[in-house]
Amino acid sequence: MSLSVVFETFGGKAVLFVSGRIDSATAADFEAALFDAFGQADDGGLTVECSALEYISSAGLRVLLMGAKRQRKAKLGYALCALSDNIRKVFTMGGFEKLIPIYAKLDDVP
């Protein structure tokens, strides 16, 4: 499956819904969509909803970390939610949970 990225305002939150795979072939497209979504978010904060994300490579992780750095510098919100167990393990092993807030579901994101 390829990558699909959809920006929506959902429950008053700017949300980027990601499905499929973020790998070396799709990371540039994901990066463009992520940074475009930052610009569309009314308050600048963004949640990346990952319930349909099947795979993420180091290239995808790099893009998410670039987003975290950008948002932290601008003092804007940034979070991930609804990671599958396998994707969450990748984030835990890499220590990414310390850099990007991760929530079990979209409703949990403040």
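The values are calculated or read from the model by the stated rules, or taken from the named source; none is laboratory data. If you're wondering where the values come from, they're calculated on a predicted model, not measured in any experiment. Positions of Cβ are generated from backbone atoms using ideal geometry, with glycine treated the same way; all protein chains shown enter the neighbour counts. What goes into the accessible areas is simple: the full protein's heavy atoms, side chains included, and nothing from ligands, DNA or RNA. Shrake-Rupley method; radii C 1.70, N 1.55, O 1.52, S 1.80 Å.
Yes or no: region 79-86 includes at least one residue that is touching a Leu at 6+ places or on another chain (Cβ under 8 Å) and either open to solvent by 30 Å² or more (accessible area, probe 1.4 Å) or modelled with pLDDT under 95 (or both).
yes
Restricting the search to region 20-47, which residues are among the polar types (S, T, N, Q) and part of a helix (DSSP H, G or I)?
Gln40
For region 1-23, what are the residues that are over 17 Å from Ile100 (Cα atoms), among the hydrophobic types (A, V, I, L, M, F, W, C) and open to solvent by 10 Å² or more (accessible area, probe 1.4 Å)?
Met1, Leu3, Val5, Val6, Phe7, Phe10
If you go through region 49-65 one residue at a time, how many are out of contact with any helix residue (DSSP H, G or I) (no Cβ under 7 Å at 6 or more places or on another chain) and within 20 Å of Val6 (Cβ to Cβ)?
5
I'd like to check something: does region 56-65 contain any residue that is more than 14 Å from Glu31 (Cα to Cα), open to solvent by 30 Å² or more (accessible area, probe 1.4 Å) and among the charged types (D, E, K, R)?
no
Within region 1-23, can you find the residues that are of a type in the set (A, V, I, L, M) and without any contact (Cβ under 8 Å) to a residue 40 or more places away in the chain?
Hits for region 1-23 are Leu3, Val5, Val6, Ala14, Leu16, Val18.
Suppose we filter Thr26, Thr47 for residues that are free of Cβ contacts under 8 Å to residues at least 60 places away in the same chain, crowded, with 20+ Cβ neighbours inside 10 Å and among the polar types (S, T, N, Q); which single one remains?
On inspection, the qualifying residue turns out to be Thr26.
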